[in-house]
Structures are given as structure tokens and as C-alpha cells.
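The values are calculated or read from the model by the stated rules, or taken from the named source; none is laboratory data. None of these values were measured; they are calculated from a predicted model. Cβ placement follows ideal geometry from the backbone for every residue including glycine, while neighbour counts extend to all protein chains displayed.
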Amino acid sequence: MTTISYLGSRYQVRSGESALDALVRGGANVPFSCRRGSCQTCLMRAVAGEPGPVAQRGLRQELVETHHFMPCVCHPTEDLTIEAPDLSQLLLTAMVSGVRRLDDRVVRLSLETERVLECRPGQYINLYREDGQSRSYSVRGLVDEDYFVEVDVQRVPGGAFSAWIHEGLQEGDTVKVQGPLGDCHYRPEDDGRPLILIGTGTGVAPLHGIVRDALRQGHTGGIWLYFGAREAKWLYAHEELTALAAQGVSYRAVVLEGAGDQGATERGALLQGDVVTRAFAEHPDASRAVVFLCGDADLVQRARCEAVLAGARRDSIRADPFESEVAAPPRDTQIIEGIEPDPELWEALGRGPKLRAILEDFYTEVYQDERLSPFFHNVTRERAVDKQYSFLADMFAGTKDYFGLKPFNAHHWMVISDELFDYREAMFERHLRRHQVPEPMIRRWAHLHELFRREIVKSRARGLFLEGVEYHLDRFQEEVVTVAGLCDGCSAELLVGDTCRLHVRTGQVYCQRCDAAAAE
């Protein structure tokens with residue numbers, strides 16, 4: 001029997017048990033979500049011992065090289081000493097080679113890293129202060145042409161990090177960076193396809209870089225760049241972007257207010273209105289397009305939805321939303337209230353029977369899928385079908401009879417990436433086509449699912465929201481057994497009056513014999 005040492009305690013790993021199972025059974029308060037290696041929430045680092053290649057499958061190479069692994073798929077064959085992930089080992093030192101003020105709100109930061117970063121415009125880096133605080137910034141420049149890694153940083157009112165960059169950083173200072181990260185960039189296979197780029201604020205910086213990258217690679221399709229702002233004065237890179245017209249780029253500057261004001265017209269032709277509405281009014285069919293979205297998270301989400309409605313393929317929508325560091329409360333109640341019934345689609349589904357048939361086929365595949373099935377631990381396929389049927393029937397028919405968990409709370413503990421969300425949606429759309437749902441209706445259905453992306457996609461687990469209060473359930477608490485049962489760790493009998501440990505989120509109970517031994 002192998003042993004895991006963690007934070008001064010030792011945990012015995014039983015036959016057939018994963019390292020994560022042993023830690024949880026022993027009462028270790030470790031983060032986890034899918035328990036099958038999909039989400040990487042339980043990531044740990046091996047200080048001594050080898051976790052094995054299966055426990056590192058799918059990790060970035062730098063994580064493998066620094067001995068990180070996933071306990072949920074680790075079945076150790078030797079003793080391990082482990083610790084929380086140490087991502088500081090992935091950081092590079094960079095020298096600030098330039099801080100250029102572009103206007104009252106934006107500075108352009110140029111960084112020279114200790115080794116060349118193979119950054120593509122549209123990817124992002126994490127910039128760290130000495131106190132360990134970090135923020136993500138999108139790369140705008142072409143490193144092989146511009147040499148430096150360039151990011152545009154907008155000052156956020158009350159933001160200590162952006163204030164540090166605007167006021168504290170000077171040429172010659174050194175900082176730590178991590179990256180490049182993200183996949184919102186141009187690819188050779190995009191050649192010949194229309195490129196639609198939509199951004200606000202400093203989100204236009206990576207979009208500018210993506211356009212330059214496409215032009216450098218000889219892109220032969222059309223390119224449309226939409227830059228949205230409230231007023232003309234916030235179009236901080238307008239002159240640079242206007243110059244792209246000479247290279248065949250269709251540039252649209254769209255402001256919500258004052259397009260005809262004298263100060264605005266002096267900056268060149270401006271359009272008035274909503275930038276997302278303008279973009280998809282000009283591109284009602286985006287089925288062949290590659291869509292790039294950067295900037296304000298609300299705008300990016302809205303543009304994603306419109307792109308899906310216009311027929312853009314999910315693998316052709318590349319986004320970099322600038323999310324706030326403060327986790328947002330659920331918005332699904334407001335989203336649901338804004339959804340109009342779709343009687344045409346409801347009739348096409350036979351007012352229910354065809355919807356159930358689609359869901360039964362879909363969830364049969366989900367429960368066999370190694371990436372999606374882990375999120376349905378202890379949930380029967382029939383229950384999953386029933387819950388989804390009730391929710392979708394309510395949306396399409398407009399009956400407002402659904403009283404189950406809304407999307408945020410139903411997924412609050414699940415760590416799901418944008419890529420995994422798209423993977424699930426692509427699978428679902430394949431089933432819609434197998435059941436011969438008309439393509440315009442598939443787009444409307446996909447649009448409805450897309451409305452809830454921000455309620456579902458997250459990089460860390462959230463708590464359950466009840467009456468506006470978030471309750472974090474990833475914890476243990478002691479309970480006195482009131483109904484006899486079995487320990488979920490060792491199957492020992494739990495008698496009425498026994499003290500047990502309850503994992504609040506999963507509902508699993510463990511007897512006192514499953515407690516971790518004290519450290520030596």
C-alpha cells in the first residue's frame with residue numbers, strides 16, 4: 001500500500017483508489033471538480049516520487065517538466081510527497097523597455113523577456129508584481145518583427161494594478177511574466193476565409209496585431225475590423241487602424257454617441273450605433289467566417305451569441321474577453337426573463353416527443369464520453385434528460401413552469417473551459433442534424449445555449465447562490481449519524497450516533513477510521 005504525504009499528514013492509498021480519492025477520504029481539503037482529468041482543478045506537484053505518465057496526460061509541457069500532475073487520475077505505484085501547484089516556476093523575467101502613453105487612459109508597455117516568447121498577436125501573457133498579484137494582458141505586436149512583447153494597458157478607475165503600470169513602472173524595471181496563453185490568433189488554415197474582428201477599448205490592440213499577422217501571411221480573404229466605443233475620444237488607436245485601409249482592410253469605427261460632432265468628424269468617418277449590431281448587419285451569414293472578439297466581457301458574450309446565430313462555426317469563433325478580477329454573481333435569471341418563446345421550433349419538436357428523443361440520444365453519447373461523463377457523477381442519464389427537457393421545453397413553449405436549478409447553480413462546482421463548452425455544443429448540434437432539425441432552428445437553439453456560456457464556463461469552482469448569497473460547499477463538516485448507513489471511503493457500517501465527516505458538496509460521508517494519520 002502506497003502513502004501520500006501532504007501538508008504534514010500521510011494518506012494511505014488503497015487498491016484501485018486514486019490519489020485524489022485517498023486525499024478526500026482522509027479529510028484533505030483539496031480542490032477538485034470532474035475527478036477524471038478533464039478540468040485540471042486538482043493539479044498538484046510531486047516533490048518526491050513519480051506520479052506516472054497517465055497523471056500528466058494533457059498537461060502543458062512546462063507543467064510536466066516541473067513535476068505537476070492530476071491526483072484524480074493518479075494511481076501511484078510508489079510513495080509520493082506532494083504540494084500545491086507552484087506556478088512561479090513557469091515565470092520568466094522581463095525588462096521594461098518602454099512605457100509609451102497613447103492617450104489619457106492607455107499606455108503601451110514594451111517588454112524584453114529573458115528568452116524569446118513565441119507570442120502570436122491575440123494571445124495573452126500574465127504580468128506579475130513583486131507581491132504575487134497578476135493580471136492578464138493581450139499581446140498586440142509581432143514579436144519576430146517588433147522584437148518586444150507589446151501590450152496596451154487601460155487604466156481602470158480604482159484599479160491598483162493598472163495604476164502601478166501607469167505610474168510605477170519605468171524603463172529598465174524588471175517584472176515577471178507567464179505565457180503565451182490562449183488561442184485567439186490567426187492560423188494558416190484561415191487563409192481565404194472572411195475575417196470578422198470586433199473589439200472595444202484595448203481589445204482593439206490584439207485585433208490590430210491579428211490583422212497585421214494575417215496580412216503578413218498573405219491572407220487572401222476579406223478582412224473587416226470593427227472598433228466600438230461610447231464616444232469618438234475613446235477611439236485611442238483610430239489613426240493606426242485607419243491606415244490599414246491602404247492594405248485592403250475594411251475598418252469601421254462605431255460610436256454610440258456623437259458620430260456627427262465636429263470633434264468626431266475631425267477624426268475621420270465614424271458610424272453611429274452598436275458595434276455588434278453593425279458587424280452582423282453587414283455579415284448576416286457568417287458560416288464561412290473566422291470571428292475574432294476582444295475587449296469588454298459583456299460585449300464579447302453578446303457578439304458570440306450573434307456569431308452563432310449568424311451561423312459561425314464554434315471552432316471559428318476565437319475570443320478574449322476582458323473579465324473583471326471580481327467574480328460576477330449569476331445573471332441567468334435576467335437572461336431567462338429576456339428569452340422569447342419559439343413556437344415554430346416547439347411545433348417542429350412535436351411539442352415535446354422529438355425533444356425528448358434528441359436528448360435521450362445525446363445523453364447516451366455524453367455518458368459514454370470520457371470528457372463529459374465525469375461531470376455526471378452520481379446522476380442517472382434519465383435524470384439528466386428529464387432536467388434538460390423541463391428547462392428547454394419551458395424556454396421554447398414559454399410556459400415558465402421550470403423550477404429546477406438555473407444554469408449557474410446547476411454547474412457551480414464544475415470547472416468547464418470554453419473549449420469543453422464548445423466540444424459539448426458541437427456534439428449536441430450533431431444530434432440535432434441527425435434528427436433533421438432545420439438549420440435555421442439549429443442556429444436559434446445554439447444561440448439559446450450560448451446565452452448561458454458565462455454562467456457555465458469558469459476557471460475555478462464557484463459556490464451555490466441562494467437569495468443573493470454565495471455558499472462555498474467544497475469543505476468538510478462533522479455530523480452525527482441519524483440514519484445508519486455505510487462509509488463512502490471504506491464501506492464500514494455507520495451507526496446512529498456515530499460521528500462522521502460529510503463533504504458538503506458531494507454528500508459523501510466518511511467514518512473516523514478513514515481520517516488521515518498524523519504526520520511524523
Which residues, taken from region 379-393, are more than 20 Å from LEU432 (Cβ to Cβ) and either touching a residue at least 12 places away in the same chain (Cβ under 8 Å) or assigned to a helix (DSSP H, G or I) (or both)? GLU382, ARG383
Strands (runs of 3 or more DSSP E) wholly in region 46-126 with at least 1 residues that are free of Cβ contacts under 8 Å to residues at least 12 places away in the same chain and touching a strand residue (DSSP E or B) at 6+ places or on another chain (Cβ under 8 Å) - which ones? 92-101
Give me the pairs: first residue in region 197-220 and charged (D, E, K, R), second residue crowded, with 24+ Cβ neighbours inside 10 Å, beta-carbon distance under 6 Å, and six or more apart or on different chains, which are they? ASP213/PRO121; ASP213/TYR186
Would you be able to say whether some residue in region 359-373 is outside any helix (DSSP H, G or I), at positive phi and not assigned by TED's automatic domain parsing to the domain that holds ASP285? no
Within region 4-34, the residues that are in contact (Cβ under 8 Å) with a residue 40 or more places away in the chain, farther than 18 Å from TRP413 by Cα and among the polar types (S, T, N, Q) are SER5, SER9, GLN12, SER18
Kindly indicate whether ARG313 is surrounded by 15 or more Cβ atoms within 10 Å (Cβ to Cβ), closer than 24 Å to VAL139 by Cα and without any contact (Cβ under 8 Å) to a residue 60 or more places away in the chain. no
Of all residues being surrounded by fewer than 18 Cβ atoms within 10 Å (Cβ to Cβ) and among the aliphatic types (A, V, I, L, M) in region 1-22, which is farthest from ASP86 (Cα to Cα)? Just the residue, please. MET1
Candidate set: region 258-294, residues that are touching an Asp or Glu at 6+ places or on another chain (Cβ under 6 Å) and under 17 Å from ILE223 (Cβ atoms); chosen: the one modelled with the lowest pLDDT: CYS294
What do you reckon, is ASP342 in contact with a Gly (Cβ under 9 Å, 6 or more places away or on another chain) and surrounded by 14 or more Cβ atoms within 10 Å (Cβ to Cβ)? yes
Conditions first: (1) buried (at least 23 other Cβ atoms within 10 Å of the Cβ); (2) under 29 Å from PRO180 (Cβ atoms); (3) basic (Lys, Arg). ARG25 passes all but one, so which condition is the exception? (2)
Taking the criterion of being under 22 Å from ARG318 (Cβ atoms), free of Cβ contacts under 8 Å to residues at least 12 places away in the same chain and either assigned by TED's automatic domain parsing to the domain that holds VAL366 or touching a Ser or Thr at 6+ places or on another chain (Cβ under 6 Å) (or both), would at least one residue in region 446-462 satisfy it? no
In region 37-52, what residues are under 26 Å from the mean Cα position of the chain (by Cα) and either surrounded by fewer than 18 Cβ atoms within 10 Å (Cβ to Cβ) or not charged (D, E, K, R) (or both)? GLY37, SER38, CYS39, GLN40, THR41, CYS42, LEU43, MET44
Being more than 30 Å from ASP315 (Cα to Cα) and either touching a Phe, Trp or Tyr at 6+ places or on another chain (Cβ under 7 Å) or outside the structural domain of ASN378 (by TED's automatic domain parsing) (or both), is that true of even one residue in region 403-419? yes
Taking region 130-164 and keeping only residues that are in contact with a helix residue (DSSP H, G or I) (Cβ under 9 Å, 6 or more places away or on another chain) and either on the phi > 0 side of the Ramachandran plot or assigned to a strand (DSSP E or B) (or both), one is left with GLY132, SER134, ARG135, TYR137, SER138, VAL139, VAL149, GLU150, VAL151, ASP152, VAL153, GLN154
Scanning region 418-470 residue by residue, those crowded, with 18+ Cβ neighbours inside 10 Å, among the small types (Gly, Ala, Ser) and within 18 Å of GLN388 (Cα to Cα) turn out to be ALA446
If a residue must be among the hydrophobic types (A, V, I, L, M, F, W, C) and closer than 15 Å to TYR11 by Cβ, how many such residues does region 48-81 contain? 4
Return yes or no: is PHE408 in contact with an Asp or Glu (Cβ under 6 Å, 6 or more places away or on another chain), over 26 Å from ARG36 (Cα atoms) and part of a helix (DSSP H, G or I)? no
By my count, strands (runs of 3 or more DSSP E) wholly in region 165-253 with at least 3 residues that are within 30 Å of GLN89 (Cβ to Cβ) and assigned by TED's automatic domain parsing to the domain that holds ARG155 are 174-181
Just name the residue that is farthest from the chain's Cα centre (by Cα) out of those in region 131-187 that are small (Gly, Ala, Ser) and under 16 Å from GLU114 (Cα atoms). GLY172
